[in-house]
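See below for the structure under consideration.
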Amino acid sequence: MSASEAVTDALRDLHARFVGVRDGRRADYIPELARSDPDDFGLALVSMDGHSYSAGAADTPFTMQSVSKPFVYALALASLGLDEVGRWVGAEPSGEAFNAISLEPGTGRPANAMVNAGAIVTTALVPDSRQVPAFRRILVCLSRFAGRKLDVDEDVYASEAATGDRNRALAYLARSAGTLPVDPVAAVDNYFRQCAVRVTAVDLAVMAATLAYGGVNPVTGESVVSPEVAAQVLAVMATCGMYDSSGDWLLRVGLPAKSGVSGGLIAAGPARFGLAAYSPLLDASGTSVRGHAALGALSERLGLHLM
Ligand code: DON
């Protein structure tokens, strides 16, 4: 069997194996996310030659939520460099939930750019200019990672904006600690918009593959960020991308990854592939149950563990 037949077979088999799993719950603290279809389940893998493999609902649109965080971190790193970004946000696992208060003793920095507190700060580091508002820059960057023009799901954005007081509180705490360079209301608004950017599992696999391919989108050939930035982002995904289950994930699945509460999940095999899953039923850490199971089984079946 060729390598590409092995991938196609594995995605189909794992889709069939886990599509019947009904564990987990949709996120409902963002009311619009509770309207997603709990039966949706898609898997996608994009190789370094830009070929995409998929199974199930891999073309169904959903919002990025926290899967946006590593890509906006990449934009901040590309714009300002690691030292300047590191003055505002740390790179240590927090061992806590995605929405925890995160204030490093002494500096007041959020622990890392994958938890909400750190992601809000990271979004705020993307500068506005008179010609290009910061969110425009974020959307263009996410679109280059995906290799197509992405847009915002206005209903999900409005739903989170109407209920996102905890994130507003995190932004105000960061502001009071001196680690938020802009107005908290504006920072959170851009953050909510970035979380509501609409993608498919195939898009996410292309985006993850771009990180895996040293910042070059393997489908379009465009260099989106430098190899150094891509490596920095993958490092933080490996240690912090799965929040308080990052250690267990790296132990068992062995790949840099990022989850989101819409049910999106990415993982990257450096210089090998980008992987994505979509299924809205979540476990207690806000990770897709079917996505976690399928990516874990795929890693085992195809020998993807990095260590
Ligand atoms: O800020 C929030 O709560 C959401 N927009 C994103 C959180 C999220 O996706 C956590 N990841 N699993």
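Can you say whether residue 177 is touching a residue at least 60 places away in the same chain (Cβ under 8 Å), within 16 Å of the ligand (Cβ to nearest atom), outside the structural domain of residue 26 (by TED's automatic domain parsing) and within 26 Å of residue 107 (Cβ to Cβ), as far as the supplied structure shows?
Details: touching a residue at least 60 places away in the same chain (Cβ under 8 Å): yes; within 16 Å of the ligand (Cβ to nearest atom): no; outside the structural domain of residue 26 (by TED's automatic domain parsing): yes; within 26 Å of residue 107 (Cβ to Cβ): yes.
Criteria not met by residue 177.
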> Which residues, counting only those in region 281-307, are over 12 Å from residue 11 (Cα atoms) and over 19 Å from the mean Cα position of the chain (by Cα)?
Replying inline: 300, 303, 304, 305, 306, 307
> Going by the conditions given, is residue 126 hydrophobic (A, V, I, L, M, F, W, C) and modelled with pLDDT of 95 or more?
Replying inline: yes
> Considering region 37-92 alone, what residues qualify as being within 16 Å of the ligand (Cβ to nearest atom) and within 26 Å of residue 127 (Cα to Cα)?
Replying inline: 63, 64, 65, 66, 67, 68, 69, 70, 71, 72, 73, 89
> So residue 184 fits all but one of (1) in the same structural domain as residue 42 (by TED's automatic domain parsing); (2) within 23 Å of residue 152 (Cα to Cα); what number is the exception?
Replying inline: (1)
> List the pairs whose first member sits in region 1-23 and is assigned by TED's automatic domain parsing to the domain that holds residue 291 and at pLDDT 95 or above, whose second member is assigned to a helix (DSSP H, G or I) and of a type in the set (Gly, Ala, Ser), and whose Cβ atoms are under 6 Å apart, counting only residues at least 6 apart or on separate chains?
Replying inline: 14/294; 14/297; 18/293; 18/294
> Of the numbered conditions (1) crowded, with 22+ Cβ neighbours inside 10 Å; (2) hydroxyl-bearing (Ser, Thr, Tyr); (3) within 13 Å of the ligand (Cβ to nearest atom), residue 245 satisfies every one except a single condition; which is it?
Replying inline: (1)
> Here are 291, 269, 263: which of them is of a type outside the set (D, E, K, R) and either at pLDDT below 95 or surrounded by fewer than 24 Cβ atoms within 10 Å (Cβ to Cβ) (or both)?
Replying inline: 269
>> Among the listed residues 172, 191, identify the single one that is in the same structural domain as residue 86 (by TED's automatic domain parsing), hydroxyl-bearing (Ser, Thr, Tyr) and either outside any helix (DSSP H, G or I) or buried (at least 24 other Cβ atoms within 10 Å of the Cβ) (or both).
In response: 191
>> β-branched (Val, Ile, Thr), touching a Leu at 6+ places or on another chain (Cβ under 7 Å), within 14 Å of the ligand (Cβ to nearest atom) and in the same structural domain as residue 173 (by TED's automatic domain parsing): which single residue out of 152, 115, 121, 126 fits that description?
In response: 121
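So which of 251, 255, 211 is over 12 Å from the mean Cα position of the chain (by Cα) and surrounded by 24 or more Cβ atoms within 10 Å (Cβ to Cβ)?
Selected residue: 255, the only one of 251, 255, 211 that is over 12 Å from the mean Cα position of the chain (by Cα) and surrounded by 24 or more Cβ atoms within 10 Å (Cβ to Cβ).
The values are calculated or read from the model by the stated rules, or taken from the named source; none is laboratory data. The structure presented is a predicted model; accordingly, all values stated were derived computationally and were not measured. Every residue, glycine as well, gets a Cβ built from its backbone with ideal geometry; the counts of neighbours run over all protein chains shown.
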